[in-house]
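The values are calculated or read from the model by the stated rules, or taken from the named source; none is laboratory data. All of these numbers come straight from a predicted model, not from anything done at the bench. Reconstructed Cβ throughout: ideal geometry from the backbone, glycine too, with neighbour counts over all protein chains shown. With ligands, DNA and RNA removed, areas are computed over all heavy atoms of the protein, side chains included. Shrake-Rupley method; radii C 1.70, N 1.55, O 1.52, S 1.80 Å.
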Amino acid sequence: MEFFNLHTHKWTNQPNVLELVNQYPQEFDATIPYYSIGIHPWFIVEERLEADLAIIESKLQEANCLAVGECGLDKRIEVPMELQQLVFEKHLLLAQQYQKPVMIHCVAAFQEVIAIKKKLNISVPMLIHGFSKNAQVAKQLLDNGFYISFGKYLLLNKELETVFKSVPDNRFFLETDTVEEGIEAVYELAAKYKGVSVKEIQKLVSSNFNTVFNQINR
């Protein structure tokens with residue numbers, strides 16, 4: 001593995017890239033080699049919640065399911081926060097039971113995510129994907145044991161350079177999410193911001209991968 005893409009919605013089947021592809025229970029694609037699976041807060045359907053969770057639980061028992069999610073909280077959507085929190089907590093309890101990391105979508109609800117982690121005493125790694133906030137929010141997340149993943153917004157927002165540089169080398173990941181640029185472009189920018197070579201970024205991400213996803217050897 002030369003590159004690890006923590007979060008993408010599209011499998012590109014490149015031999016030098018390990019892609020963690022986001023999957024939804026009702027649209028599962030068995031041909032994707034490595035994936036995370038969960039109910040995104042945008043797509044919570046109360047009537048099929050139990051069925052969706054049953055599919056997720058069955059997939060969590062497979063070796064190529066590397067993580068739970070993306071799941072989380074989003075204050076800018078119509079889905080009631082109570083329902084979002086219930087669904088998020090169910091994901092976290094499954095992650096804890098099957099010892100899988102959690103991929104988190106969080107919009108304007110970082111305090112709530114931190115509080116739920118503490119309330120449920122979650123010890124598996126929790127990763128905030130697509131981070132776009134300031135250094136203060138990043139520090140709060142890091143202080144509470146979260147990993148932070150950068151991608152789309154790192155490419156689009158120059159102001160994130162300072163935030164990215166402030167994140168310790170052992171606590172970050174890189175991703176593409178929904179952007180067209182390949183993961184190599186994200187690695188190149190990360191290397192530029194950290195003032196190191198792409199090879200050094202590859203080593204750091206590979207080390208973080210081994211720490212977080214230590215139940216598999218690739």
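Listed values, structure above:
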| item | result |
| --- | --- |
| Integer Hz, Karplus 6.51/-1.76/1.60 couplings in order for the stretch 164-181, x for Gly and Pro | 4, 5, 7, 7, x, 4, 9, 10, 10, 9, 10, 8, 10, 6, 10, 6, 6, 4 |
| Unit charges on C-beta of K, R, D, E only; dipole of the stretch 1-108, Debye | 240 debye |
| Computed E for SER58/ASN13 - FRET, C-beta separation, R0 25 angstrom, nearest 0.05 | 0.50 |
| Charge dipole (debye, nearest 20) of the stretch 1-60; +1 at Cβ of Lys and Arg, -1 at Cβ of Asp and Glu | 180 debye |
| Relative contact order [Cα under 8 Å, 6+ residues apart], the chain, whole percent | 18 percent |
| Model label zone, ASN214; criterion: amide N under 14 Å from point 7 Å along Cα-to-beta-carbon; scope the stretch 116-130 | 123-126 |
| Helix-only [θ]222 nm of the chain, DSSP H runs n ≥ 4, -39500 (n - 2.57) each, per residue, nearest 500 | -12500 deg cm²/dmol |
| Neighbour cut-off at most 15 other Cβ (10 Å), DSSP loop, GluC sites (Glu not before Pro), the stretch 105-204 | GLU159, GLU180, GLU181 |
| With Cα atoms, 0 to 90° folded angle of helix 81-98 axis to the chain main axis | 70 degrees |
| Where a label projected 7 Å from the Cα of GLN26 along Cα→Cβ would reach, residues of the stretch 37-66 with amide N under 19 Å | 37-59 |
| Degrees between helix 110-120 axis and first principal axis of the chain (Cα, 0 to 90, nearest 10) | 60 degrees |
| Separation between Cα centres of the stretch 1-52 and the stretch 112-162, rounded to whole Å | 20 Å |
| The stretch 88-218 - accessible surface per residue (Å², probe 1.4 Å) | 45 Å² |
| Estimated FRET transfer efficiency when R0 is 22 angstrom, pair GLU2-GLU181 (beta carbons, to 0.05) | 0.85 |
| Model label zone, GLU200; criterion: amide N under 18 Å from point 7 Å along Cα-to-beta-carbon; scope the stretch 146-181 | 161-174 |
| Of all accessible heavy-atom area on the chain, the percent that carbon and sulfur account for (1.4 Å) | 49 percent |
| Cα-based Rg / Dmax (Å) for the stretch 110-181 | 12.4, 38 |
| Full-extension gain in nm, GLU78 to LYS158, via 0.36 nm per residue minus C-alpha separation | 25.7 nm |
